[in-house]
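Please read the structure below before turning to the comments.
The values are calculated or read from the model by the stated rules, or taken from the named source; none is laboratory data. Remember, it's a predicted structure, so these values are computed and weren't measured experimentally. Here the Cβ is made from the backbone with ideal geometry for all residues, glycine too, and neighbour counts use every protein chain on show.
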Amino acid sequence: MGAPKKSAVRVSEDTDELVRVPLQAILLADSFTTKFRPITLQRPKVLLPLLNVPMINYTLMWLESAGVEEVFVFCCAHSKQVISYLEKTQWLSQPNFTVTTIESHNCVSAGDALRIIYERNVIHGDFVLISGDTISNMSLTAALREHKERKKKDSNAVMTMVIKRSKPNPAIRQSRLGTDELFMAIDPDTKQLLYYEDKADNSKAILHLEKSLLADNPSLSLHHDKQLMGYKIFVHEIHSDYAARIDNFRSYDTVSKDIIHRWTYPLVPDVMNFGNTATKLERQGMYRASEISQSQSAVIGPFTSIGFGTKIGNNTKISSSVVGEGCKIGSNVYIEGCYIWDNVTIEDGCKLRNAVVCDGVTMKSGAVLEPGVILSFKVVVGQGFVVPCYSKVSLLQQPVEEDSDEELEYADSTSAITSKVDTSDEEVASQVLDTHLHSASQLGVGGVGYIWSKCEGGHEEEWRHSVAPIPADKISEAMKIMEDELELTYDGSILPPSGELKPDCNDSEDDDNEDSRDDSYFEKEVEATFLRAEQENIQEGHLILEVNSLKLSYNKVAADCAGAVFYALMKYALDTPHSSADSLMQNVKDILRKWKNVLRPYLTDIDDQIEVILKFEEMCSESAKAFAPLFTSILHFMYEEDIVEEDAILNWDDEKKDADDSDKVFVKQAQGLIQWLRNASEEDDDEEE
């Protein structure tokens, strides 16, 4: 931890007493849900690693940076694990940021927790209520000021909820965090929350609103694209800051990627140095801790984090993944989009895609994890065994009922299973056999663990909340349903998909900010996908399929894909070593020749081609100025390679006629090429006549 911050003592609102009251926070260390099973039967969610750091640290670091001075951590299920961890990390012994634990063994909801806290009489003024699975870098200043001003005017204004707009995919009706649409009615003038409904169908939710509510609030605007960060009466919406809750495995995957891409700064791996997790940031979003043993033939791809003391064998490929401490990864192993926690052993020839592998797991040689698999603590996958998509595997048998209070029953009985021990695979298997948890037949020869049957909602719904990408067939199916609904809209039989009774003109600027951030997320995802394809020699067709999947997931059009793919190609050319403008130009030629067929499906329309030229202008002016002197040469090369057509270049020139001089720099630079094309076009016309 850094140097202690100066105490930010506040003055109470009671002017008669002028009592100095510290800003307090209640951190709920229990999620009171079952979405992270089977893992949370053995370890609380707040201690699950996020980029190799238990996620409660992210919440505590944010509270400290936001000026909170006293935090009460409410522990319920696995409370001993939480308290023990906090003691080891010295959070409980800081002078100007006090952390106190409150323990209870019979709470099954956040409401129960708040009642107990109230009975303890530890809160003395305004306080922040937050879940320990929240990642944010926002400032609390504005929200606190609004809250205090409301309280002065209205004693009933007791709570303020912080919300952040999350643009949902209209086809699958959930956000990029895997959360369902949340229907909210907010008074645009007072910001009072008048109504909300979770998992709401827009048309049905509108019918639930009382007529008197609409009559009393004629300017009421309805939003179904908000994400709750807490349960309050008024709302404070944030825009530029980052805030997200890790509510399910998809949000675990999404937030992990956001951290790797540094949207959460300063909550990033190279800043959050805890114990052996100290890491260094290298090129292309690669994070590496110390004492890593890596074979020279092993390939570590972009946007990957490797933990302390991990060993990686010959010809192994790891991309877009997080690997924990003390892992032993053999030769010819393929890992893509996975979260490998601590002390995991992966033997030769294994293949893992988009899976979560908990501490102490062993994968015997040739074993395969298909997308969406969750392997809980110390599971052993037998030699050559293929674990099917979305399987959840645990040493514990599946509970009969999906009830969050069962976490309490497992808290003490599973502590021996989850404790970190330096034992061999055979010893672990022997310990499990002694407790009647061995089930070799389910995980192949030598396998240890139970494959759980379909969970609540069934496998059909598990793709929604998985670390695996949303399957293309599911998105296509959802798109078809959306198109059918839009057809109904045209004859006026249902409300438009926006669900708005009245447009809120004040939201336009906020929507622009969200669209801009959404574009950045999309571009980074496409870049990561391309870099993996380049590094692993993935075929063009497969790369196009992946980009199409991202296109559907982010609700983008062909021009967006063209711009993102072009940006990824040109950035890779710039990042590839070069000693002069000529060698940079050669990099561009080599890369565009190799990957132009990935661009072409998104450039069938002249307007899309113009968008790519505009994207190139933007790069030359801002993020990649080294290309500026080569703009015309590269544009000419793109024309020769049939990436952009003559009409696209000439129309781009026409569109710039009335632009400011500052926006005509590259058009002027390319006038020689443009004039040559116009002359050639005129000659062709003369010949036809």
Which of the residues that make up the range 630-689 are under 26 Å from Arg600 (Cα atoms), at pLDDT below 80 and among the hydrophobic types (A, V, I, L, M, F, W, C)? Ala680
Across the range 635-665, what is the total count of residues that are within 37 Å of the chain's Cα centre (by Cα), crowded, with 21+ Cβ neighbours inside 10 Å and in a helix (DSSP H, G or I)? 4
Checking the conditions here, which among Gly301, Gly326 is at pLDDT 90 or above and either closer than 23 Å to Arg353 by Cα or not β-branched (Val, Ile, Thr) (or both)? Gly326
When you check Glu611 against the structure, is it buried (at least 17 other Cβ atoms within 10 Å of the Cβ), of a type outside the set (A, V, I, L, M, F, W, C) and within 21 Å of Trp595 (Cα to Cα), yes or no? yes
Select, from Ile544, Ile475, the only residue that is of a type in the set (Val, Ile, Thr), modelled with pLDDT under 75 and not assigned by TED's automatic domain parsing to the domain that holds Ile318. Ile475
Please go through (1) part of a loop (DSSP other than H, G, I, E, B); (2) surrounded by fewer than 19 Cβ atoms within 10 Å (Cβ to Cβ); (3) modelled with pLDDT of 75 or more for Arg464 and return the number of the only condition it doesn't satisfy. (1)
If we keep just the residues of the range 328-364 that are crowded, with 20+ Cβ neighbours inside 10 Å and among the aromatic types (Phe, Trp, Tyr), which is nearest to Trp463 (Cα to Cα)? Tyr339
Hey, Gly313 of a type outside the set (Asp, Glu) and surrounded by fewer than 24 Cβ atoms within 10 Å (Cβ to Cβ) or not: yes
Take Leu114 and tell me if it is in a helix (DSSP H, G or I) and either among the aliphatic types (A, V, I, L, M) or more than 28 Å from Lys257 (Cβ to Cβ) (or both). yes
Within the range 616-634, track down each residue that is buried (at least 18 other Cβ atoms within 10 Å of the Cβ) and among the charged types (D, E, K, R). Glu617
Can you work out which of the residues in the range 514-541 that are of a type in the set (Val, Ile, Thr) and within 16 Å of the chain's Cα centre (by Cα) is modelled with the lowest pLDDT? Thr529
Qualifying residue in the range 22-37 (condition: part of a helix (DSSP H, G or I) and at pLDDT 85 or above): no
Scan the range 530-547 for residues that are farther than 15 Å from Ala568 by Cα and either in a loop (DSSP other than H, G, I, E, B) or among the polar types (S, T, N, Q) (or both) and jot them down. Asn537, Ile538, Gln539
Just checking, does the range 152-169 include any residue being at pLDDT 65 or above, assigned by TED's automatic domain parsing to the domain that holds Val68, part of a helix (DSSP H, G or I) and out of contact with any Leu (no Cβ under 9 Å at 6 or more places or on another chain)? yes
Report whether or not Thr264 is out of contact with any helix residue (DSSP H, G or I) (no Cβ under 7 Å at 6 or more places or on another chain) and buried (at least 20 other Cβ atoms within 10 Å of the Cβ). no
The range 237-270: number of residues that are at pLDDT 85 or above, hydrophobic (A, V, I, L, M, F, W, C) and touching a Lys or Arg at 6+ places or on another chain (Cβ under 7 Å): 1
Considering only residues that are of a type in the set (A, V, I, L, M), under 16 Å from Ser394 (Cα atoms) and part of a strand (DSSP E or B), which ones fall in the range 308-366? Ile340, Val356, Val357, Met363
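So is Lys571 within 21 Å of Leu673 (Cα to Cα) and either in contact with a Ser or Thr (Cβ under 8 Å, 6 or more places away or on another chain) or in contact (Cβ under 8 Å) with a residue 24 or more places away in the chain (or both) or not?
Against the criterion (within 21 Å of Leu673 (Cα to Cα) and either in contact with a Ser or Thr (Cβ under 8 Å, 6 or more places away or on another chain) or in contact (Cβ under 8 Å) with a residue 24 or more places away in the chain (or both)), Lys571 does not qualify.
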Sort out which residues of the range 522-547 are buried (at least 19 other Cβ atoms within 10 Å of the Cβ) and either at positive phi or in contact with a strand residue (DSSP E or B) (Cβ under 6 Å, 6 or more places away or on another chain) (or both), and write them in order of number. Arg532
So if I check each of Leu60, Leu47, which one is modelled with pLDDT of 80 or more, crowded, with 17+ Cβ neighbours inside 10 Å and touching a strand residue (DSSP E or B) at 6+ places or on another chain (Cβ under 6 Å)? Leu47
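Counting only residues that are in a helix (DSSP H, G or I) and of a type in the set (Lys, Arg), which one in the range 548-589 is surrounded by the fewest Cβ atoms within 10 Å (Cβ to Cβ)?
Filtering the range 548-589 for residues that are in a helix (DSSP H, G or I) and of a type in the set (Lys, Arg), the one surrounded by the fewest Cβ atoms within 10 Å (Cβ to Cβ) comes out as Lys589.
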Identify, please: which residue in the range 286-307 is assigned to a strand (DSSP E or B) and under 14 Å from Pro269 (Cα atoms) and is, among those, farthest from the chain's Cα centre (by Cα)? Ala289
